[in-house]
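To keep things clear, I will list the structure first and then write my remarks on it.
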Amino acid sequence: MASHKNAKIVCIIMQDRRQNAAWRLDRPQESDWAAAARLERAANLSPWGEVAYRRAAAHGLALVARTADGEVCGFIIGHIAGDTLEVDNLAVAAEWRRRGVGTALMAALGAQARARGARRVTLEVRASNIAAQRFYERCGLRVVGQRGAYYREPVEDALVMSGPLDGGQT
């Protein structure tokens, strides 16, 4: 297994043939966290903000999706606890949803986590966010629990979703 310090992120370029629009996955740059905070607000995620994203990315795993002109159209951030990748936040701009951006972000972060020894992925999702729950189910996650009043603004329960990072072989 390669050391994570030597692991390289390959810039993945994807083409959405339906919309004739290209995007790519990349390491986040310092300036990308302002765009991530804007995506967070637009997606009604629990507020972290730019400073918190910078801090978390410095100690965890993070990727951004960029349009052909370099604009951030999605991001994912997480950390490893034991043998588990914990996805802290994932957002994709509304106009880029259902084009494979979120799926690619989840897969790429999962690959980074596997290279660091993670075997499972876990995250929390708002109980009311059915679209996100279905997306995570398509990524192989299942509801394994619930956290009461986990979210603020508004207060809401979270569903805990989890699954294997290795295609079901845990």
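Probing with 1.4 Å while keeping every protein chain in the model, the per residue accessible area of the chain equals 55 Å².
Shown for the chain: the carbon plus sulfur share of the solvent-accessible area, taken with all protein chains present and a 1.4 angstrom probe, equals 49%.
Given contacts defined as C-alpha pairs under 8 Å and at least six residues apart, what's the relative contact order of the chain, whole-number percent? If you can, show how the numbers build up before the last one.
Details: 299 pairs, mean separation 29.0, N = 170.
Relative contact order here is 17 percent.
Each label point was placed 7 Å from the Cα along the Cα-to-Cβ direction; for Glu137 and Glu95 their separation is 3.1 nm.
Here each label is just a point 7 Å from Cα along the line to Cβ, and for Ala34 and Glu156 those points are 2.9 nm apart. Across segment 25-120, the mean sequence separation of Cα contacts (distance under 8 Å, 6 or more residues apart), normalised by length, yields a relative contact order of 26 percent.
The values are calculated or read from the model by the stated rules, or taken from the named source; none is laboratory data. Values in this document were obtained by computation on a predicted structure and should not be read as measured data. Neighbour counts are summed over all protein chains in view; Cβ atoms, including those assigned to glycine, are modelled from backbone coordinates with ideal geometry. Remember, those area values only see protein heavy atoms, side chains included, never the ligands or the DNA or RNA. Shrake-Rupley method; radii C 1.70, N 1.55, O 1.52, S 1.80 Å.
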